[in-house]
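Laboratory data are not the source of any read-out in this text; all were calculated from the coordinates shown. The shown structure was predicted, so the numbers you read here are calculated from the model rather than taken from an experiment. Every residue, glycine among them, receives a Cβ derived from its backbone with ideal geometry; neighbour counts consider all protein chains shown.
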Amino acid sequence: MKKIIFIGSIGSGKTTLIQALKKLNMKYKKTQAMEYYDNIIDTPGEYLENRRYYNALTVASYDCDVVALIQDSSNKRCVFPPNFSSIFTKPVIGIITKTDKEEIFIDESINCLKLAGAGEIFKTSSKENIGICEIQKYLND
């Protein structure tokens, strides 16, 4: 199974996605520091939103097989700088979360992730269990 690091803005759904992937109870939990779940590293959104933490993200990614950029589909705001993926030495994928929300911006989310340098892009809803199997399959291949 591939080891992966989740990177995204505050409230983008990283921890909830991990809870869905690991079949844990869904409950809100603010990530305060990097947390390790077997093959998944959960990062605080502040690490992406404050450039001084980029070094922590790159160092943590060395132990991983893949980097996942997480974009909330209900938020038009793109916090990933153009070509953000170039700071990593691992393959970078994109994961769009919260696709079950009433107002979503899928095209904007795809453009954001592509501009950041993500390769394959997955669309998910942790609450509706959409796209979870596809990510698990990707991690198991």
query = For the residue pair ASN140 and ASN25, what label-to-label distance in nm results when each label sits 7 Å from Cα along the Cα-to-beta-carbon direction?
reply = 2.7 nm
note = Here the longest stretch of the chain that holds no GluC sites (Glu not before Pro) in a DSSP loop having at most 10 other beta carbon atoms within 10 Å is 1-101
inquiry  = Are there any trypsin sites (Lys or Arg not before Pro) in region 70-120 that are in a DSSP loop and have at most 12 other Cβ atoms within 10 Å? List them by number.
reply    = LYS76, ARG77
request  = Tell me what the chain gives for mean residue ellipticity at 222 nm when only DSSP H runs of n ≥ 4 count, each as -39,500 (n - 2.57), the sum divided by the residue total, rounded to 500 deg cm²/dmol.
outcome  = -7500 deg cm²/dmol
remark   = ILE96 neighbourhood, Cβ < 9 Å, K/R = +1, D/E = -1, net charge +1
message = Just to be sure I understand the model, the point goes 7 Å from the Cα along the line to the Cβ. What's the resulting ILE106 to GLN32 distance in nm?
response = 3.9 nm
request  = Compute the signed sum of charges (Lys and Arg +1, Asp and Glu -1) over the other residues within less than 12 Å, Cβ to Cβ, of THR16.
outcome  = +3
key: Long-range Cα-Cα pairs in the chain (distance over 22 Å), rounded percent   = 29 percent
inquiry  = I want to check the label-to-label distance for TYR62 and ASN83. Put each point 7 Å from Cα in the C-beta direction and report it in nm to one decimal.
reply    = 2.4 nm
query = At q = 0.21 Å⁻¹, what is the log10 ratio I(q)/I(0) for region 7-50, with the Debye formula run over Cα points and no solvent?
reply = -0.63
